[in-house]
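See structure below.
The values are calculated or read from the model by the stated rules, or taken from the named source; none is laboratory data. Bear in mind the structure is a predicted one, so any value in this text is a computation, not a measurement. In this analysis, Cβ positions are derived from the backbone assuming ideal geometry, glycine residues included, and neighbour counts consider all displayed protein chains. Quick note on the areas: whole protein, heavy atoms, side chains included, nothing else; ligands and nucleic acids left out. Shrake-Rupley method; radii C 1.70, N 1.55, O 1.52, S 1.80 Å.
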Amino acid sequence: MSVSTVSKDQFKQFVEALIRSDQRVVGVQQRNDRFVFDDLATADALRLDYDVTILSPRKYILPQKEPLLQFAAGESYTPVHEGAPMVLLGVHPYDMASINQMDQLFSQDEYDSHYMNRRQHITVIACDVVTPSENVFAASMGTATVEKGYDMLLTDIGDAYVVQAATDKGKALTNLMPQARPASEADLDKCRAVQEQNQQKLNQHVLECKPSYLPKLLEKNYEHPVWEEKARLCYSCGSCNQVCPTCYCFDVQDEVNWDLKSGTRYRAWDGCLLEDFATVAGDHNFRKNRSDRFRHRLYRKGKYVPGKIDGQIACVGCGRCITACTSNIANPVDVYNQLMKRTDIG
Amino acid sequence: MSKPRVAIFDFACCEGCQLQIVNIEEEIIDLVGAVDVVEWREAMSEQSHEYDIAIIEGSITRPEDEHRVQIIRTRAKILIALGACATIGGVNKMKNNFDLNEVKRCVYGQDAGMPHLATTTTRAVHEVVDVDYKIHGCPIEGEEFKRIIRDLLLGKTPFVPNYPVCVECKERENVCRYEYNEICLGPIIRAGCGAPCPTAQWRCFGCRGLVDNPNVDAAQEVMEQYNLTLDDLKQKMVLFNSK
Ligand code: SF4
Ligand code: SF4
Ligand code: SF4
Ligand code: SF4
Ligand code: SF4
């Protein structure tokens, strides 16, 4: 790990150089009164002081719709792999944590070459949070700061950034920062202070147990009044799935051309809250009730996915679902705390 | 194998959905290559009683229309309702909110009693005859129309979303209108349009009709959270989703 410091002016020159390079550069920008990840045209458009983006960087890691293969008449087909080099600039620690989880999920068991190929071409420049969003609770989930996954991490220490280049890709980027100087002890102190503060501050909703307790809490509460109390107001609109950085379910569909023989197979985002998500052959829907689907999402975050990734909870506390849910029922902390209240921890 | 014969008919509508078909431009050649269009008043002069697929645009508002669509049904193997007027009755159904005689007097004045102006309650096509497939929207989406037709030609059940507009609205990274305390019909209306209205910072007007299983029970409580009322919501439903 090489740690250096660049002034904000020098950093701007770095971003400009990056934009001029042959990589696609995607960074956080303002759109109306919110923030989004989008292609970066100028260094001035970059807003590393943002609170949260509407959609997470998942839209670049696992696109909303991606071609998997092209088929022709008969049995022949050609797999499609996307993999143009891209820099993702301004990923918050909680989103980095979600990318780390997806990297693990898509590379273990059945290795997903579509995902992994794209992922290997993406360079992630993460940044510590400057402005907490109104619903973030990353501090409760242990994701207010992050130790791995990024190629480079930036921490805003006022008039400068502390820059940690963690990988070869990250170190190569420091070549575009010729004026960077080795970080001083004072800079490192400031950097640690920001991170320690974030571990307290990013906590607008306080989970009343350790995240590691969630699988057990859920196991005891498959039948619980809270599922129906909340789901009663659920529109099955899937907004909570769409905005979530850790939702990775997709649906596979074929689109044929006018010759009615050749075509493309795509995969597109799906969501477990949608009415037909769990409909299988023969039109059988094994999660027909709103409350079953509502419960499934929170089980998935707190129990099922953790079972596949060494106990890591698949909710990183970004708070996006809380903001996105029209019915105001999607807050995971609220549900988990209600379960806590009525459960003997034992 | 001979190509399937397709006939396109219009009833009470603005013909905007047929225009969307015309607007698929170069691909219209592909379409005409894949099927035999045997009747289409807007685009050709021939007429035919022999067809496999009947595409119906518009809603049923007159006694003779009812009769005509019934005959079309007996002749067609597959009947498709095209556009909001046909799938849900569309804007034409607004008239059902008023006394029919009043409506006639208001629209036709002194001529209201003329026999060719006889008009009844507006109905969607499926309220008169069985409909096999619906292509939603006011107007329809060209891309969706092409995909559905190709799937039907392949003998595959076309995918039509049964999830709300919010899915596509979120995909386009919009801020929900409700965050500004504005009403939007998105949570109960069928997607497939790509949410152009909320993307343009309008509400969804509901032109694709309700999803199969809308959570209408939630509406009152949810509206109250935004200082809105159920009546506010119902008012917005009148345009496309009158009874
Ligand atoms: S469940 Fe909600 S808070 Fe947790 S990661 Fe997903 S969107 Fe963020
Ligand atoms: S966002 Fe809210 S209303 Fe929509 S599916 Fe999720 S929990 Fe239900
Ligand atoms: S659905 Fe709309 S565009 Fe289509 S015919 Fe009816 S009014 Fe016109
Ligand atoms: S603006 Fe409308 S369509 Fe979009 S998320 Fe909100 S309610 Fe749904
Ligand atoms: S957003 Fe609503 S009104 Fe607009 S096209 Fe879609 S369904 Fe129709």
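Some points to look at:
- Each residue of segment B:39-49 is assigned a 3J(HN,Hα), and the resulting list reads 8, 6, 4, 5, 10, 8, 9, 5, 9, 8, 9 Hz, derived from the Karplus form 6.51 cos²θ - 1.76 cosθ + 1.60 (θ = phi - 60°), x at Gly and Pro.
- No disulfide-compatible partner, judged by a Cβ distance under 4.7 Å, exists for the following cysteines of chain B: B:Cys14, B:Cys17, B:Cys106, B:Cys169, B:Cys176, B:Cys184, B:Cys193, B:Cys197, B:Cys204.
- Those trypsin sites (Lys or Arg not before Pro) in segment A:8-76 that DSSP places in a loop and that have at most 13 other beta carbons within 10 Å: none
- Listing of segment A:254-270 residues, each with accessible area lower by at least 50 Å² in the full protein assembly than in the chain alone (probe 1.4 Å): A:Val256, A:Trp258, A:Leu260
- Shielding of A:236-246 by partner chains, average beta-carbon count, 10 Å: 5
- DSSP-defined antiparallel bridges as percent of all bridges, chain A, nearest 5: 75 percent
- Estimated distance in nm for a label pair at A:Lys210 and A:Asp189, the labels positioned 7 Å out from Cα along Cα-to-Cβ: 3.2 nm
- With all protein chains modelled, accessible area of A:Tyr94 [1.4 Å, Å²]: 0 Å²
- Heavy-atom accessible surface of the protein assembly as shown: percent carbon and sulfur, 1.4 Å: 50 percent
- The mean number of Cβ atoms from other chains found within 10 Å of a Cβ in peptide B:174-181 is 4, as a whole number.
- Under-5 Å amide H pairs with A:Ser2, H placed in peptide plane, nonlocal only: A:Ala165
- Calculated [222 nm] ellipticity per residue, helices only, for the protein assembly as shown: -9000 deg cm²/dmol; basis is -39500 (n - 2.57) per DSSP H run with n ≥ 4, divided by all residues, nearest 500.
- For chain A, the cysteines with no partner cysteine C-beta closer than 4.7 Å are A:Cys127, A:Cys191, A:Cys209, A:Cys234, A:Cys249, A:Cys272, A:Cys315, A:Cys318, A:Cys325.
- Nearest-0.05 FRET efficiency for A:Leu217 and A:Ser76, computed from C-beta distance (R0 60 Å): 0.75
- Sequence of B:Asp231, A:Asp112, A:Asp254 from largest to smallest accessible area, 1.4 Å probe: B:Asp231, A:Asp254, A:Asp112
- Values of log10 I(q)/I(0), in the order q = 0.05, 0.08, 0.10, 0.12 Å⁻¹, for the protein assembly as shown under a Debye, Cα-only, solvent-free model: -0.27, -0.66, -0.96, -1.23
- Taking every C-alpha pair closer than 8 Å and separated by at least 6 residues, the mean separation divided by the residue count of chain A gives a relative contact order of 22 percent.
- Taking Cα atoms only, the orientation of helix B:63-75 departs from the longest principal axis of chain B by about 60 degrees.
- Database remark: amide H of B:Leu185 closer than 5 angstrom to the amide H of B:Cys204 (H placed geometrically; neighbours at sequence offset of 5 or more, or on other chains; Pro and chain starts carry no H).
- Nonlocal amide H pairs with B:Thr122, under 5 Å, H built at 1.01 Å: B:Asn96
- Overall form of segment A:211-341 per C-alpha gyration tensor (a/c, 1.5; a/b vs b/c): prolate
- In the context of the full protein assembly, A:Met340 retains an accessible surface of approximately 20 Å², using a probe radius of 1.4 Å and ignoring ligands and nucleic acids.
- Among A:Val333, A:Val36, A:Val252, the largest mean-square fluctuation in a Gaussian network model of chain A, built with springs joining Cα atoms closer than 10 Å, belongs to A:Val252.
- Count of lysine pairs in segment A:157-306 with Cα separation under 17 Å (8 or more residues apart, or interchain): 11
- Contact order relative to length of chain B, as percent, for alpha carbon pairs under 8 angstrom and 6 or more apart: 18 percent
- GNM on chain B, alpha-carbon springs under 10 angstrom: the most fluctuating residue among B:Ile71, B:Ile183, B:Ile80 is B:Ile71.
- For segment B:5-153, the Kirkwood radius over C-alpha pairs fed into Stokes-Einstein at 20 °C and 1.002 mPa s yields D = 134 µm² per second.
- Cut-off 15 Å, label 7 Å out along Cα→Cβ of B:Leu117, residues of segment B:15-37 by amide N: none
- Chain B and chain A together bury an accessible surface of about 3400 square angstrom, both sides counted, with a 1.4 Å probe and no ligands or nucleic acids included.
- Solvent exposure ordering (accessible area, 1.4 Å, most first) of B:Val125, A:Val194: A:Val194, B:Val125
- Given chain A, longest segment not containing exposed loop GluC sites (Glu not before Pro) (DSSP; at most 15 other Cβ within 10 Å): A:224-346
- Chain B: angle of helix B:142-154 to the longest principal axis, Cα-based, in degrees nearest 10: 50 degrees
- Rg/Rh for segment A:188-256, where both radii come from Cα atoms and Rh is the Kirkwood radius: 1.13
- Among A:Lys261, A:Lys230, the order of accessible area from largest down is A:Lys261, A:Lys230, computed with a 1.4 Å probe on protein heavy atoms.
- For chain B, accessible area per residue (1.4 Å probe, heavy atoms of protein chains only), Å²: 48 Å²
- Counting only protein heavy atoms and a 1.4 Å probe, chain A has 43 square angstrom of accessible area per residue.
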